[in-house]
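The values are calculated or read from the model by the stated rules, or taken from the named source; none is laboratory data. Just so we're clear, the structure is a prediction, and the values are computed from it rather than from any experiment. A quick note on method: Cβ atoms are made from the backbone with ideal geometry, for glycine too, and the neighbour counts reach across all protein chains shown. Note: areas computed on protein heavy atoms with side chains; ligands, DNA, RNA excluded. Shrake-Rupley method; radii C 1.70, N 1.55, O 1.52, S 1.80 Å.
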Amino acid sequence: MSRVPLPNVQEVNFDGLVGPTHNYSGLALGNVASMNHQGQVANPKEAALQGILKMQSLMEAGYAQGVLPPQQRPDIGALRDLGFRGSDREVLAHAAREAPPLLRAVCSASSMWSANAGTVTPSVDAPDGRVHFTPANLQSSFHRFLEPFTTARVLQAIFHDEQRFAHHPVLPATPAFADEGAANPVLPATPAFADEGAANHTRLCGAHGEPGVHLFVYGRRAFGGGREPKRFPARQTLEASQAVARQHGLTEAQTVFAQQHPDAIDAGVFHNDVIAVGNGPVLLYHEMAFLDEERTLDELRAKMSTPLIPVRVPLEAVSLEDAVASYLFNSQLLSNPDGSMTLVVPGECQEREAVWRTLQDYLLAGHNPISEVVVKDLKQSMRNGGGPACLRLRVALSEAEQTALSGRTLLTPTLVADLTAWVNRHYRDRLAPEDLADPLLAEESLTALDELTQLLQLGAIYPFQLNHA
Ligand code: SUG
């Protein structure tokens with residue numbers, strides 16, 4: 001099907017605002033930074049301000065920037081679902097005493113990594129001309145599995161206009177079923193539709209308003225077949241990626257499904273966006289990103305209507321360990337009006353010589369559109385394995401679609417000032433593991449979030465505002 005380019009389409013990066021309970025609980029198996037920083041004292045205020053500064057500087061540089069609110073944490077409703085009873089204070093005290101891991105999980109501010117909020121298909125690629133959203137089920141970990149309910153509400157509140165925006169159900173979080181008659185029934189523990197959203201999805205195109213090809217990267221097949229990682233879990237299944245593509249009406253000609261290299265997962269690459277980033281026709285990736293690199297590139301080339309510009313970083317230039325520690329590939333690759341691109345990298349890239357050298361001598365000096373590297377200090381998020389690209393959900397929107405957004409989530413200088421003042425008013429600058437049981441933290445958090453929904457003009461989005469908890 002030939003599709004018509006849409007004029008005036010911009011990529012809007014919706015960053016997840018860091019919530020007031022940001023902490024280091026070591027919750028993410030296979031995420032080296034999260035595992036290494038378990039138990040350290042966090043600074044939620046600094047974390048939120050670092051995130052706002054990133055958004056502000058990109059807005060000031062002329063990029064379209066949006067913001068997504070954090071979630072209600074501690075998730076006392078989740079503790080109630082698990083049988084804890086009494087007042088909120090009693091529920092927290094019981095959980096702290098009887099099930100500390102559950103308390104830690106329901107306190108995580110993990111929704112800040114909005115690249116995992118869901119998968120988005122721009123209207124130019126969708127058969128009905130609407131922008132399509134599927135919130136990710138994040139079923140690979142309990143603390144993140146708590147996110148999709150509120151994520152769906154937030155996305156529906158902002159992208160509310162049904163003429164322009166379509167919202168799909170979260171994929172079912174179940175073990176794989178054994179296919180009747182299959183020679184080797186699938187083990188029941190294999191999650192069938194484990195989905196981590198845009199972190200494993202890259203849209204390649206000419207300009208953002210031109211039709212694109214969707215690269216879905218999965219870690220394993222739920223129904224068997226293929227190589228799997230041995231040390232750490234693969235968080236995305238092929239079956240989940242295929243289901244999202246089907247929901248959004250994407251055809252075979254518009255999609256490429258590629259398996260992530262299992263050795264990379266075992267080295268700490270828990271999402272594809274830790275080892276590759278794409279923008280427009282450029283795919284910046286590490287040699288170890290895909291199990292079958294050649295087939296992946298060939299298929300992209302065959303399906304794209306514009307020439308693919310692969311920028312491959314070889315293992316000899318950057319080891320997997322350096323890639324994971326620096327988050328070089330978890331950068332934002334942004335289009336400039338003159339056709340050049342800016343790479344927004346975390347400060348950790350300056351700390352690894354091989355990475356910094358590769359940025360200067362290979363990426364900037366190379367024959368590709370990347371003409372500028374901008375460094376951001378995101379240490380608070382980075383210690384939990386979240387770099388610049390994790391913190392944002394990309395939504396390509398036409399002018400008319402931007403006008404149709406509800407609430408006040410597109411960043412302006414006034415909104416930056418309001419959010420900064422709000423963080424300074426409500427956030428703590430120190431959060432140790434034992435503070436998670438403090439009932440005052442929960443109360444402060446609710447007060448802050450209630451104010452935030454007014455500030456962002458989003459209406460009731462949180463369970464406590466909907467009388468669910
Ligand atoms: O799911 N970390 C997140 C980091 C997500 C990064 N996102 C992308 N790559 N797009 C995760 O592993 C750690 C929380 C803790 O340990 O307290 C955490 O959930």
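A few points about this structure:
- Of the criteria (1) under 19 Å from the mean Cα position of the chain (by Cα); (2) hydroxyl-bearing (Ser, Thr, Tyr); (3) more than 21 Å from GLN380 (Cα to Cα), which one SER331 fails: (3)
- From the options VAL91, VAL131, residue that is in contact with a strand residue (DSSP E or B) (Cβ under 7 Å, 6 or more places away or on another chain) and β-branched (Val, Ile, Thr): VAL131
- Of all residues in the stretch 17-28, none satisfies being away from the ligand (no atom under 16 Å from the Cβ), touching a strand residue (DSSP E or B) at 6+ places or on another chain (Cβ under 9 Å) and of a type outside the set (Ser, Thr, Tyr).
- Considering residues of the stretch 235-255 that are within 23 Å of GLY129 (Cβ to Cβ) and hydrophobic (A, V, I, L, M, F, W, C) only, the residue surrounded by the fewest Cβ atoms within 10 Å (Cβ to Cβ): ALA253
- Among the residues of the stretch 131-153, those identified as within 12 Å of the ligand (Cβ to nearest atom) and either part of a helix (DSSP H, G or I) or aliphatic (A, V, I, L, M) (or both) are ALA136, LEU138, PHE142, HIS143, ARG144, PHE145, LEU146.
- Checked against (1) within 30 Å of THR420 (Cβ to Cβ); (2) away from the ligand (no atom under 16 Å from the Cβ), VAL91 passes all but a single condition, namely (1).
- Flag for ALA354 being under 27 Å from PRO7 (Cα atoms), aliphatic (A, V, I, L, M) and either assigned to a loop (DSSP other than H, G, I, E, B) or over 25 Å from the mean Cα position of the chain (by Cα) (or both): no
- Positions within the stretch 53-77 being open to solvent by 10 Å² or more (accessible area, probe 1.4 Å), within 28 Å of GLU401 (Cβ to Cβ) and of a type in the set (Gly, Ala, Ser), in sequence order: SER57, ALA61, GLY62, ALA64
- Checked against (1) over 19 Å from PHE145 (Cβ atoms); (2) away from the ligand (no atom under 16 Å from the Cβ); (3) part of a helix (DSSP H, G or I); (4) not small (Gly, Ala, Ser), TYR63 meets all criteria but (3).
- Looking only at residues in the stretch 94-104 that are over 10 Å from LEU79 (Cα atoms) and either within 12 Å of the ligand (Cβ to nearest atom) or in contact (Cβ under 8 Å) with a residue 40 or more places away in the chain (or both), the one that is nearest to the chain's Cα centre (by Cα) is ARG104.
- Scope the stretch 304-363; condition aromatic (Phe, Trp, Tyr) and away from the ligand (no atom under 16 Å from the Cβ); matching residues: TRP356, TYR362
- Some residue of the stretch 407-416 being closer than 27 Å to THR121 by Cα, part of a helix (DSSP H, G or I) and either of a type in the set (Ser, Thr, Tyr) or within 16 Å of the ligand (Cβ to nearest atom) (or both): no
- Residue within the stretch 29-52 that is among the small types (Gly, Ala, Ser), in contact with a Pro (Cβ under 8 Å, 6 or more places away or on another chain), crowded, with 22+ Cβ neighbours inside 10 Å and assigned to a loop (DSSP other than H, G, I, E, B) present: yes
- Check on ASN13, polar (S, T, N, Q), touching a strand residue (DSSP E or B) at 6+ places or on another chain (Cβ under 8 Å) and touching a residue at least 24 places away in the same chain (Cβ under 8 Å): yes
- Filter pass, ALA194 being modelled with pLDDT of 95 or more, outside any helix (DSSP H, G or I) and among the aliphatic types (A, V, I, L, M): yes
- The stretch 232-264, residues that are part of a loop (DSSP other than H, G, I, E, B) and closer than 16 Å to HIS214 by Cβ: GLN236, HIS248, GLY249, LEU250, THR251
- Only one entry in THR420, THR409, THR342, THR414 is closer than 18 Å to SER57 by Cα and open to solvent by 60 Å² or more (accessible area, probe 1.4 Å), namely THR414.
- Test result for SER25, in a helix (DSSP H, G or I), of a type in the set (S, T, N, Q) and farther than 30 Å from ARG408 by Cα: no
Listed here are the residues, each with its yes/no results for (1) of a type in the set (D, E, K, R); (2) surrounded by fewer than 24 Cβ atoms within 10 Å (Cβ to Cβ); (3) modelled with pLDDT under 95.
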position	(1), (2), (3)
SER110	no, no, no
SER123	no, yes, no
GLN156	no, yes, no
GLU162	yes, yes, no
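- All positions within the stretch 364-396 that are over 24 Å from the mean Cα position of the chain (by Cα) and outside any strand (DSSP E or B): LEU364, ALA365, GLY366, HIS367, ASN368, PRO369
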